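K.L.:
My questions all concern the structure below.
The values are calculated or read from the model by the stated rules, or taken from the named source; none is laboratory data. Computed from a predicted structure; not experimentally measured. Don't worry about glycine lacking a Cβ; one is built from the backbone with ideal geometry, like all the others, and counts go over all protein chains shown.
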Amino acid sequence: MSMQIVEVDRLDEAGLAAWLEVTNVVDAHERGPASTTWTLPELLAGARHPSKSQKTVRLSGLVDGEVVATGQLRFPLLDNLSAVDLEVSVLPEHRRRGLGSQLLEECERIARDHDRTRFDAMTSWRYDGPADGAGTPGVEFGKVHGYVFGLGDVQREVVLPVDDAILDELAAEAAERSDGYELRSWTGPFPDDLVLSYLELSSKLMTEAPMGDNDYEDEAVDVEAHRQHEELVELQGRTLFTTVALAPDGTVAAYTDLMAPIHDTRCVYQWGTLAGRAHRGHRLGLAVKIANLQALQATGQYDGRRLVTWNAEVNDHMIGINHRMGFVPVGRAGELQKKI
């Protein structure tokens, strides 16, 4: 089957809308009720906002003038300079015709043109599927093209609000071990006096979290790039709830953040959570997660939404915390890598 591959212009609203529609349909097909999809306002804001830290290329595959497949490449510009994140999606009714392979080949060609030699990819499936993704479309497609399964992740959800009594109990447990640390919560951008300390910690999220057999590098510490990201979050209509634990010297010892979109009222998303290596053993991860969720629930605006989080299958500590908060597993994903 003949397919035309075109790059989607970041200012082409109709082209971006068609690209997003196919991408979202594929995600819903693979994950079912656990699917979490972007909205067009979020995508348009991201496509048009300048980024110091990342370049994104989006591709649409057209058959008879209709978009039937999509690709995306995200190039880090400040760190992990040998890497690129790749995504390929093909509508179910157009699979097994070579279209995915054709699109992936073009994505990899663009990646090589940018001197990238480490290709990172993620694919997802329903929770009742195998932990290693064996037999699932994304993992098997990746294997055929040289992508190696490195780590399995599990998507977990709980419907808000979480019982206040449970949160109070967990907060009290954390407080017993976190004496000497100060918790501070807010919405919106990071305070100027904390942003550098936060970035020095959050830059290690990818390497401090379980990596399985994959290779990642620390992210760059760049305040300007972070402020650009915060501007984008606001333009996308996303509200960030953040809680940090401050060490006695005033530096950020642990952090967590929740993101609540206004354009999609189905979900709230747990983003990063990390305690600094020197501050572990004080239940700071638990302390900041509970305080942050209490701050979000205190607004009364998000009852009935799904609170969505992802954890590596081997991250027993964080999974234990989420289990006590009422999270249940609903989906799976695999992190794959290919090196050339």
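K.L.:
What are the residue pairs meeting all of these: first residue in the stretch 169-193, first residue more than 13 Å from residue 256 (Cβ to Cβ) and not assigned by TED's automatic domain parsing to the domain that holds residue 244, second residue modelled with pLDDT of 95 or more and not charged (D, E, K, R), Cβ atoms under 7 Å, and 6 or more apart or on different chains?
P.N.:
none
K.L.:
From the list 305, 283, exactly one residue is at negative phi, in contact (Cβ under 8 Å) with a residue 12 or more places away in the chain, of a type in the set (D, E, K, R) and crowded, with 19+ Cβ neighbours inside 10 Å. Which is it?
P.N.:
Going through 305, 283 in turn, the sole match is 305.
One line per residue, one yes/no per condition, for (1) part of a helix (DSSP H, G or I); (2) of a type outside the set (Asp, Glu); (3) out of contact with any Phe, Trp or Tyr (no Cβ under 6 Å at 6 or more places or on another chain):
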{"residue": "5", "(1), (2), (3)": "no, yes, yes"}
{"residue": "17", "(1), (2), (3)": "yes, yes, yes"}
{"residue": "27", "(1), (2), (3)": "yes, no, yes"}
{"residue": "46", "(1), (2), (3)": "yes, yes, yes"}
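K.L.:
Select from the stretch 193-225 the residues that are over 18 Å from residue 253 (Cβ atoms), assigned to a helix (DSSP H, G or I) and touching a Ser or Thr at 6+ places or on another chain (Cβ under 6 Å) and list them in ascending order.
P.N.:
Correct list: 225 only.
K.L.:
Another question, if that's okay. I'd like the residue in the stretch 98-155 that is assigned to a helix (DSSP H, G or I) and among the polar types (S, T, N, Q) and, out of all such residues, is surrounded by the fewest Cβ atoms within 10 Å (Cβ to Cβ). Can you show your working first?
P.N.:
Here is the first cut: in the stretch 98-155, the ones assigned to a helix (DSSP H, G or I) are 99-113, 137-144.
Filter again for among the polar types (S, T, N, Q), leaving 101-102.
Values: 101: 14, 102: 19.
Among them, the one singled out is 101.
K.L.:
Keeping to the stretch 141-185, report how many residues are touching a Phe, Trp or Tyr at 6+ places or on another chain (Cβ under 7 Å) and among the charged types (D, E, K, R).
P.N.:
So the answer is 3.
K.L.:
Go through the stretch 61-82 and count every residue that is within 22 Å of residue 14 (Cβ to Cβ), within 19 Å of the chain's Cα centre (by Cα) and not polar (S, T, N, Q).
P.N.:
Number satisfying all stated conditions: 2.
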